[in-house]
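Here is the structure we will look at.
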Amino acid sequence: MDFDDAPSGGLPSGGHGVDEAVAAALSYLDSVDPATAADARTGWEGLRLVSPAAGPTQSSVQSFLWLHLRVLVDDAGRAWEVAQALADLLDRLGHARYADIARGESTRTLLHSDDETWQQLLSDAVARSGIGAENTELVTWQETPVGPERAMVDLIGETLEVATVAGEFAPKRLGGAPLRDTTLASRRRGITDSVLRSERAGGVLLEQLLDHRLELWTRYSPPRAELYRDLAQPLHDAGEPAYGCVRRLEGLLAQVGEGVDVDADLSDVSGRLLQRLGLVRKHHGRLVPTTRARGISADRMWATVVSRLIGTDYHPDTIAAEVMVAEVARGQWPHGTTMLTTALLRSEGWTTDPDPDADAVLVDLVTLGSPRETDTPSSDAMRLAAAVLRHRLLHTRLPAL
């Protein structure tokens with residue numbers, strides 16, 4: 001499937017309708033209790049609309065029961081009756097695991113929860129189910145994924161379900177202790193990343209997700225669309241590290257060695273940068289390397305810089321930094337960005353201005369990417385700036401405006 005063309009974020013329903021097995025099961029339920037059969041048909045019709053063409057999956061069952069049924073039937077008591085009837089139908093169809101979900105406590109709780117607590121209860125239930133797409137170093141999922149992102153979350157859910165049924169999360173020996181939660185989460189993250197790195201129609205899924213997030217991000221306001229103008233290709237290219245930046249950072253860390261006095265011959269800029277990246281810390285009047293910094297690989301150092309230079313908060317300070325970093329990614333040093341920053345903040349509802357120190361990220365870009373003053377940023381500085389924006393797009397949870 002081409003995720004770029006997904007009209008509603010779901011997998012294709014294909015038009016599989018009510019086949020003979022479903023018709024027979026509904027006929028049996030109707031002979032026992034016509035009201036239950038009617039509710040089961042309502043539940044099945046709703047379920048098939050969010051299921052892939054091959055039939056229901058654990059992900060689509062949970063999505064229907066925990067998300068869509070609340071909208072389909074706005075009375076909690078009636079929604080619960082539909083869920084129970086659907087459970088009876090799923091049992092008749094040989095889907096005992098799915099039937100247990102339909103009549104389970106998580107479904108009952110979510111259908112009867114109020115709007116204020118529902119989102120957190122949903123997140124907790126999906127996490128307990130073991131098939132929710134994990135947040136990883138590649139991506140942080142939106143609380144309510146839409147479009148291609150929803151399709152990817154569903155695909156990951158199906159992959160995790162297959163892994164569960166295949167016993168990949170079971171103890172290695174019969175009767176052995178269950179795997180620890182941390183081990184299970186790590187394995188789920190690994191599967192999530194593997195799916196994101198795979199190719200479907202349209203290319204690598206992670207890059208399709210980046211395009212989707214960029215499109216969502218630029219919908220927020222005309223100034224934000226201007227901010228990301230012509231940056232799609234640099235953002236895709238920034239998936240590969242700029243090792244020149246890494247070498248410069250390694251050089252700064254080497255100056256610290258096993259520790260130096262705070263007032264030693266280490267520039268204030270370098271000392272501040274290393275601390276903000278979590279690579280050194282103050283200890284008894286000295287700067288010493290952190291545990292993170294000891295034996296750190298080049299790739300890990302790059303990931304640290306990219307993730308920490310601005311971060312993922314949606315705040316006036318980070319927005320102001322975003323504007324300046326976008327200029328560097330485009331190949332020019334920022335100048336005259338105040339008007340765009342102000343327009344961006346006002347159009348997105350902010351009434352406060354950024355802290356004056358918000359432009360400190362520029363100093364870091366110069367330190368790591370263009371160590372010698374030049375008229376234009378170096379290719380390393382441009383790559384680093386684009387990577388920072390890429391990380392921000394893939395990990396920031398967008399507020400509803």
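The values are calculated or read from the model by the stated rules, or taken from the named source; none is laboratory data. None of these values were measured; they are calculated from a predicted model. Ideal geometry is used to build each Cβ from the backbone, glycine not excepted, and the neighbour counts take in all protein chains shown. These accessible areas exclude ligands, DNA and RNA; they are computed on the full protein's heavy atoms, side chains included. Shrake-Rupley method; radii C 1.70, N 1.55, O 1.52, S 1.80 Å.
Taking a ≥ b ≥ c as the square roots of the eigenvalues of the Cα gyration tensor, the stretch 291-401 is classed as oblate, since a/c reaches at least 1.5 and a/b does not exceed b/c. The value of relative contact order for the stretch 12-120, using C-alpha pairs under 8 Å at least six residues apart, is 27 percent. Less than 5 angstrom separates the built amide H of Arg200 from those of Leu205, all sequence-distant by 5 or more or on a different chain. Per residue of the chain, what 222 nm ellipticity follows from adding -39500 (n - 2.57) for every DSSP H run with n ≥ 4, rounded to the nearest 500? It comes out at -18000 deg cm²/dmol, rounded to the nearest 500. Sorting 384-391, 109-116 by their mean Cβ neighbour count within 10 Å, with the most densely packed peptide first, gives 384-391, 109-116.
Residues whose amide H lies under 5 Å from that of Arg286, counting only those 5 or more places away or on a different chain, are Val262; hydrogens are built 1.01 Å from N in the peptide plane. Near Val280, the amide H atoms lying under 5 Å from its own belong to Gln275, Thr290; only residues 5 or more places off or on other chains count, and H is placed 1.01 Å from N. Of the whole protein surface, Glu105 contributes about 110 Å² of accessible area at a 1.4 Å probe radius.
By the gyration tensor of its Cα atoms, with a ≥ b ≥ c the square roots of the eigenvalues, what is the shape of the stretch 138-192: rounded for a/c under 1.5, prolate for a/b over b/c, or oblate? Don't jump to the answer; show the numbers that get you there.
Numbers: a/c = 3.64, a/b = 2.16, b/c = 1.69.
Prolate.
Per-residue packing, averaged as other Cβ atoms within 10 Å, sorts the ranges 54-63, 192-201, 168-177, 125-134 into the order 54-63, 125-134, 192-201, 168-177, beginning with the highest.
Give me the percent of accessible area attributable to carbon and sulfur for the stretch 299-397, probe 1.4 angstrom.
Details: 2150 of 4280 Å².
Its accessible area is 50 percent carbon and sulfur atoms.
The convex hull of the Cα atoms of the stretch 71-130, projected and averaged over all directions, covers 4.1 nm². Across the chain, Cα pairs under 8 Å and at least six residues apart give a relative contact order of 15 percent. Here the stretch 33-77 and the stretch 309-381 have alpha carbon centers that stand 47 Å from each other. Rounded, prolate or oblate: pick one for the stretch 236-322, where a ≥ b ≥ c are the square roots of the eigenvalues of its C-alpha gyration tensor, a/c under 1.5 means rounded, and failing that, prolate if a/b is larger than b/c, else oblate. Taking the square roots of the gyration eigenvalues as a ≥ b ≥ c, the stretch 236-322 is oblate.
With viscosity set to 1.306 mPa s and temperature to 10 °C, compute the Stokes-Einstein D of the chain, Rh being the Kirkwood radius across alpha carbon pairs; µm²/s, no decimals.
On the way: Rh = 24.1 Å.
Translational D for this selection: 66 µm²/s.
Take every Cα pair under 8 Å whose residues are at least 6 apart in sequence, average their separation, divide by the length of the stretch 295-373, and the relative contact order is 32 percent. For the pair Val71 and Glu199 in one chain, pulling the backbone fully straight at 0.36 nm per residue adds 42.7 nm over the alpha carbon distance.
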